[in-house]
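Colleague: The structure under discussion is supplied below as structure tokens; questions concerning it will follow.
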Amino acid sequence: MIEVEHLTKFYGPFHALKDINFKVERGEILGFLGPNGAGKTTTMRIITGYIPATSGTVRVAGFDVNDKSMDARRHLGYLPETVPLYTELTPREYLDFRGRISGMHNTKDRRTRTSEIMDLLNLDDVADKLIGSLSRGYRQRVGLAQALLHNPDVLILDEPTVGLDPVQITEVRDLIRELGRERTIILSTHLLPEVSMVCNRVVIINRGRLVAQDTPIHLAEDAANRKTVQLEVSGPSSDVLRVLRSVSGVTTASAPETAANEGEADAASSDGLVRTYTVEGQTGMDLRAPLASAVVGAGYDLLELKTVQPSLEQIFIDVISREEEFAAEEPEEEDVDLGDEADGPDAVDSARVRTPRSAVRTSDPSERIATRKRVRR
Amino acid sequence: MRNVLTIAGKELRSYFVSPVAYVIVAFWLVATGFFFWFAVNSNDASLRNVFGVIIVLLLLISPALTMRLLAEESRTGTLELLLTAPVQDWAVVLGKFLGALGLYATMIGLTLFYPILLVLLGGNPDWGPIWSGYLGLLLLGMSFLAIGIFASALTSNQMVSAVIAFVLLLVLFIIGQVSSFLGEGVSGFLSKLALSDRFDSFPRGVIDLKDVIFYLSFTAVMLFITVQVVEARRYRA
């Protein structure tokens, strides 16, 4: 339904998108991930036909967004990040207007559809209040209503759950999943749990380059060849840590609760309290058995031992920071400050320019530690 | 075409949601009422001088009518949704222009009350020049509004848009006078562009087809340029 081929975009000298390729099929919900300024909004704006690409083609429902713009737009529903709405209209008036310009010419059908969609998004209470007086949550839903109104095959949603309360977030996610069964949806978000909950597939872009593309589950397995083991052990933490670190193949061992919860470090290290330890090992090694025997052999009680799948956050940070690492190593990197050139909401998208480099994956643990530090800064 | 009317209707409604339109219309009616009273007091029932003053008033008022049209949508970002809807750029521009023209036509329509008042008070105005004067006002207003919407497409700041429109109008207004200081050929060309000079014959009851075509084509060219500006802005977005 959506085909993006060799998409490249320059804003003046700023290389915003570098040869982006991906496809989204009907019934797929694609999660669009990336840090601020990575080019998510730019890509979405090109797909919706708001801005033209410098080169490359984008087809929506088989129509080129450049040559057959009107046909492509008829198949599209779009919710921009900023949720721009006419504050001087009521949701009912606004949706009626959107319906008219989206080709719903039959007044009766349009009215039915408008109340249907307002019902779906719980907008009935505010249907006749001015949009300008509505809260962020309601506006967000009016924006969603506008995108869904003409029943488009393809939905482009730029951070659709921002500004909603937890109950509404759950509702909207359920709605998106429901809609995604027979439609095609691209959803950009900063909330990584949202991706694993809603999306069938993830595209991660960073600095205008597509760095990873997979299902959330695959991505998790893939990037997580390293296994993190969590142990619950009773005993003085400093001794336990020493034992854990002595196991061959262990790269880091930490007891986050000691650091976080207890002020008196000395007392904490000598008592016999139960703590949770996190151990990371070299790639591909199963550390569970050696760890268990080491702990028991040292005379401490092992209460629990489990392998932890790294969260999507971790994978995301890994993928992105590996990229950053390479960027930092690149000697001839050029930073172009755009300043006035990029006005409006897109200013976020124009952080800096870097010379192209290939997305090589590394699994050297020491480097990974280094990258995580970078990210924290 | 349906989209054009939809957008025009939405624009017209938006005018009356904010107090701006009421302030402008009230100011307009008070000012024109004063001119009319002045004309009647000087025993001139032809309204010719009233038309002459009204077009100066239009210089000030028409930028206020058009400044919002595209600049505000650009500022709030609603233009993004409008330009990704299945609507051509020209339909957006034309729709917004017609919306402004609708309000303008209502404003000059309301001033018809004054000649009617004249009749009610037992006067016997010559209706021919009045009607042709109103036609002239409509045509002149169209070209003013077209300049205004062009200025509104250039920026996302309403005030800046109003100032640009006012300056452009002023230049085209006084160009006839200024051009006499320049060389022969230049002045001949420039004075042809002068918007106000062509208006003078309308309140005298003379409708010259050349003038009508001038105003209409001037409006069309301005709107065409505006569509180009809107399209070019996509590249900068």
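Colleague: Which number in (1) of a type outside the set (S, T, N, Q); (2) under 23 Å from B:ARG234 (Cα atoms); (3) more than 8 Å from chain B (Cβ to nearest Cβ); (4) assigned to a strand (DSSP E or B) marks the one condition that A:LYS23 misses?
Modeller: Result: A:LYS23 fails condition (2) only.
Colleague: Need the failing condition index for B:GLU80 against (1) within 14 Å of chain A (Cβ to nearest Cβ); (2) touching a Pro at 6+ places or on another chain (Cβ under 9 Å); (3) surrounded by fewer than 19 Cβ atoms within 10 Å (Cβ to Cβ), just the number.
Modeller: Tallying (1) within 14 Å of chain A (Cβ to nearest Cβ); (2) touching a Pro at 6+ places or on another chain (Cβ under 9 Å); (3) surrounded by fewer than 19 Cβ atoms within 10 Å (Cβ to Cβ), B:GLU80 fails exactly one: (3).
Colleague: While we're on this one: Take A:ASP109 and tell me if it is part of a helix (DSSP H, G or I) and either at pLDDT below 90 or more than 14 Å from every other protein chain (Cβ to nearest Cβ) (or both).
Modeller: Numbers: part of a helix (DSSP H, G or I): yes; either at pLDDT below 90 or more than 14 Å from every other protein chain (Cβ to nearest Cβ) (or both): yes.
It is true that A:ASP109 is part of a helix (DSSP H, G or I) and either at pLDDT below 90 or more than 14 Å from every other protein chain (Cβ to nearest Cβ) (or both).
Colleague: Does any residue of segment A:161-170 turn out to be under 30 Å from A:PHE316 (Cα atoms), within 20 Å of the chain's Cα centre (by Cα), within 14 Å of chain B (Cβ to nearest Cβ) and of a type in the set (A, V, I, L, M, F, W, C)?
Modeller: Looking through segment A:161-170, none of the residues is under 30 Å from A:PHE316 (Cα atoms), within 20 Å of the chain's Cα centre (by Cα), within 14 Å of chain B (Cβ to nearest Cβ) and of a type in the set (A, V, I, L, M, F, W, C).
Colleague: Every residue in segment A:125-168 that is at pLDDT 90 or above, surrounded by fewer than 19 Cβ atoms within 10 Å (Cβ to Cβ) and assigned to a helix (DSSP H, G or I), please.
Modeller: Within segment A:125-168, A:ASP125, A:GLY132, A:SER133 qualify.
Colleague: Let me ask something additional. Report yes if B:VAL178 is of a type in the set (A, V, I, L, M) and surrounded by 15 or more Cβ atoms within 10 Å (Cβ to Cβ), otherwise no. Steps first, answer last, please.
Modeller: Values: of a type in the set (A, V, I, L, M): yes; surrounded by 15 or more Cβ atoms within 10 Å (Cβ to Cβ): no.
The answer is no for B:VAL178.
Colleague: Of A:PHE14, A:PHE32, which residue is of a type outside the set (D, E, K, R) and surrounded by fewer than 20 Cβ atoms within 10 Å (Cβ to Cβ)? Give the derivation first.
Modeller: Working: A:PHE32 fails: surrounded by fewer than 20 Cβ atoms within 10 Å (Cβ to Cβ).
Answer to the check: A:PHE14.
Colleague: Working carefully through the options A:ILE101, A:ILE131, A:ILE156, find the one that is β-branched (Val, Ile, Thr), touching a Ser or Thr at 6+ places or on another chain (Cβ under 8 Å) and within 21 Å of B:ALA91 (Cα to Cα). Break it down stepwise before answering.
Modeller: Values: A:ILE131 fails: within 21 Å of B:ALA91 (Cα to Cα); A:ILE156 fails: within 21 Å of B:ALA91 (Cα to Cα).
Sole residue among the options that is β-branched (Val, Ile, Thr), touching a Ser or Thr at 6+ places or on another chain (Cβ under 8 Å) and within 21 Å of B:ALA91 (Cα to Cα): A:ILE101.
Colleague: If you don't mind, there's one more thing I want to ask. Restricting to segment A:38-58, and then to whatever is small (Gly, Ala, Ser) and surrounded by fewer than 22 Cβ atoms within 10 Å (Cβ to Cβ), can you tell me which residue is nearest to A:LYS23 (Cα to Cα)? Let's see the steps before the verdict.
Modeller: Step one: of segment A:38-58, the residues small (Gly, Ala, Ser) are A:38-39, A:49, A:53, A:55-56.
Subset that is surrounded by fewer than 22 Cβ atoms within 10 Å (Cβ to Cβ): A:55-56.
Values: A:SER55: 17, A:GLY56: 14 Å.
The extreme case among them is A:GLY56.
Colleague: Within segment A:43-101, how many residues turn out to be in contact with a strand residue (DSSP E or B) (Cβ under 7 Å, 6 or more places away or on another chain), more than 8 Å from chain B (Cβ to nearest Cβ) and either part of a strand (DSSP E or B) or at pLDDT 95 or above (or both)?
Modeller: The qualifying residues number 9.
Colleague: I would also like to ask the following. Which pairs turn up if I take residues in segment B:27-44 that are farther than 16 Å from B:VAL119 by Cβ and among the aliphatic types (A, V, I, L, M) and look for partners that are at pLDDT 80 or above and in a helix (DSSP H, G or I) with beta carbon separation below 7 Å, at least 6 apart in sequence or on another chain?
Modeller: B:LEU29/B:LEU110; B:ALA31/B:LEU57
Colleague: Here's a follow-up. Taking A:VAL4, is it touching a Phe, Trp or Tyr at 6+ places or on another chain (Cβ under 7 Å), of a type outside the set (Ser, Thr, Tyr), surrounded by 24 or more Cβ atoms within 10 Å (Cβ to Cβ) and at pLDDT below 95? Walk me through how you get there before you give the answer.
Modeller: Working: touching a Phe, Trp or Tyr at 6+ places or on another chain (Cβ under 7 Å): yes; of a type outside the set (Ser, Thr, Tyr): yes; surrounded by 24 or more Cβ atoms within 10 Å (Cβ to Cβ): yes; at pLDDT below 95: yes.
It is true that A:VAL4 is touching a Phe, Trp or Tyr at 6+ places or on another chain (Cβ under 7 Å), of a type outside the set (Ser, Thr, Tyr), surrounded by 24 or more Cβ atoms within 10 Å (Cβ to Cβ) and at pLDDT below 95.
Colleague: Within segment A:14-30, does at least one residue satisfy the condition of being over 14 Å from A:LEU155 (Cα atoms) and more than 23 Å from the chain's Cα centre (by Cα)?
Modeller: yes
Colleague: Same structure, new question: Take the residues of segment B:117-155 that are of a type in the set (Phe, Trp, Tyr) and under 30 Å from B:TYR235 (Cα atoms): which is surrounded by the fewest Cβ atoms within 10 Å (Cβ to Cβ)?
Modeller: Of segment B:117-155, the ones of a type in the set (Phe, Trp, Tyr) are B:127, B:131, B:134, B:144, B:150.
With under 30 Å from B:TYR235 (Cα atoms) added as a condition, the list becomes B:144, B:150.
Working: B:PHE144: 29, B:PHE150: 27.
It comes out as B:PHE150.
The values are calculated or read from the model by the stated rules, or taken from the named source; none is laboratory data. Quick caveat, the model's predicted, so the values are computed rather than measured. Note that we place each Cβ from the backbone using ideal geometry, even for glycine, and neighbour counts take in every protein chain shown.
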